Amino acid sequence: MLRAHRQGVTAERLAIHNPNGIEEAMYVKIGGIDQWVQIRGQDRDNPVLLCLHGGPGATWLPLTAVFAPWEKDFTVTQWDQRGAGKSLEASGPSIASTMSIERMADDGIELAEFLRAHLKKEKIILFAHSWGSILGVHMVLKRPDLFSAYVGTGQAVQMTRSQQISYGHLLEKARAANDKSSSQALERIGPPPFDSMQKVAVYFQRLEPYEVEPDRYAQSELMGRTVFSAPNFSLRDILSRVRGFESVPTWSLYQAMLSTDLSLLGSTFKIPVFFFQGAQDEVTEASLVQEYFDKIDAPHKQIVLFEGEGHFAVLTQPDRFLKELDTRVRPLAVQH
């Protein structure tokens, strides 16, 4: 009964009241398969913001309420990528063999082309988190004509270097805390690059208790509360989210992600670039994001560091993100 009440309250808060608003959710044929797309906004004349979730497989659909305030100034599009959420429900787990950075970046480009035609927009803003930021950089470098700006958060750059830095920090913290269980487990797997999914799992398991408090909150209380109270998000959807995040992605996909070095793709961007980064991010090291940013050549670029925040700053500080989007990014996109 309590959950039903919470869902009712949430559903009312998510209602689109403006007659010029938009509220759509549907399967779109992308990359030869049905992929789920949600489009919401209080005014369809606003700039379109295409969000790329992390993971792989960590659909943001159950977090719709977190992003609801953004719908006043943007048409917010959430996409369950290949192998994630409702897209996984349509295709089944056999889709795992087709999941690669190149294929999924091409999926994103197809979706951007669909959104331009469907919403009658010349260009859209691309907003990407973590794993999604790998796809995002590939997309805007390959097809800059589709996008008015790129915004990355939890921005991946050189993932092996990032993990090596984080591993050193983590081992230091575990030893300082006399946490023999964690320090011994980390010593057994050795420093990155890791050569098995089991070692990756140990690393992230031992990292979680030592992440900044906002990240621990985002991954436990916030995620649990939103997933289990999200309207129109069934038990099947919850199970699909778990499968898409934990069991569907192949080791080869994780290897590709963990060995990513976006600097090898070149430093010239033909569109404005923004990084909104948690300064204490232990997954995508902020110092490497700053190093990457300094080398980028773009028509316009800005980096904003969120002090005290980690990898999930977008979920723990959504109002501040909206303010940054409104003041820094939206003015460049309204003409499109």
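The values are calculated or read from the model by the stated rules, or taken from the named source; none is laboratory data. Being a predicted model, the structure only gives us computed values, none of them experimental. In this analysis, Cβ positions are derived from the backbone assuming ideal geometry, glycine residues included, and neighbour counts consider all displayed protein chains.
Out of Ala65, Ala25, one residue alone is at pLDDT below 95, of a type in the set (Gly, Ala, Ser) and in contact with a helix residue (DSSP H, G or I) (Cβ under 6 Å, 6 or more places away or on another chain). It is Ala65. In the condition set (1) assigned to a helix (DSSP H, G or I); (2) within 30 Å of Pro62 (Cα to Cα), Phe274 is compliant with all but (1).
For region 96-142, a tally of residues being farther than 21 Å from Val283 by Cβ and either among the β-branched types (Val, Ile, Thr) or outside the structural domain of Val48 (by TED's automatic domain parsing) (or both) returns 5. Quickly run through region 16-48 and pick out the residues that are within 19 Å of Asp326 (Cβ to Cβ), part of a strand (DSSP E or B) and out of contact with any Asp or Glu (no Cβ under 9 Å at 6 or more places or on another chain). The one that is within 19 Å of Asp326 (Cβ to Cβ), part of a strand (DSSP E or B) and out of contact with any Asp or Glu (no Cβ under 9 Å at 6 or more places or on another chain): Val48. None of Val37, Val48, Val66 is touching a residue at least 24 places away in the same chain (Cβ under 8 Å) and touching a Pro at 6+ places or on another chain (Cβ under 7 Å) except Val66.
For region 96-106, the criterion of being crowded, with 18+ Cβ neighbours inside 10 Å and at pLDDT below 95 is satisfied by at least one residue. Can you pull out the residues in region 65-93 that are among the β-branched types (Val, Ile, Thr) and surrounded by fewer than 22 Cβ atoms within 10 Å (Cβ to Cβ)? Of everything in region 65-93, just one residue is among the β-branched types (Val, Ile, Thr) and surrounded by fewer than 22 Cβ atoms within 10 Å (Cβ to Cβ), namely Val66. Arg161 meets the conditions (1) out of contact with any helix residue (DSSP H, G or I) (no Cβ under 8 Å at 6 or more places or on another chain); (2) farther than 24 Å from Trp60 by Cα in every case but one. The failed one is (1). Please verify whether Arg241 is in the same structural domain as Thr98 (by TED's automatic domain parsing), modelled with pLDDT under 95, buried (at least 19 other Cβ atoms within 10 Å of the Cβ) and part of a helix (DSSP H, G or I), treating the condition exactly as stated. Taking the combined requirement at face value, the residue satisfies it.
Among residues of region 138-151 being over 18 Å from Val304 (Cα atoms) and within 16 Å of the chain's Cα centre (by Cα), the one that is surrounded by the fewest Cβ atoms within 10 Å (Cβ to Cβ) is His138.
Every residue, every condition in (1) modelled with pLDDT of 80 or more; (2) touching a Cys at 6+ places or on another chain (Cβ under 8 Å); (3) surrounded by fewer than 16 Cβ atoms within 10 Å (Cβ to Cβ), yes or no:
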position: Glu221; (1), (2), (3): no, no, yes
position: Val248; (1), (2), (3): yes, no, no
position: Asp281; (1), (2), (3): yes, no, no
position: Glu291; (1), (2), (3): yes, no, yes
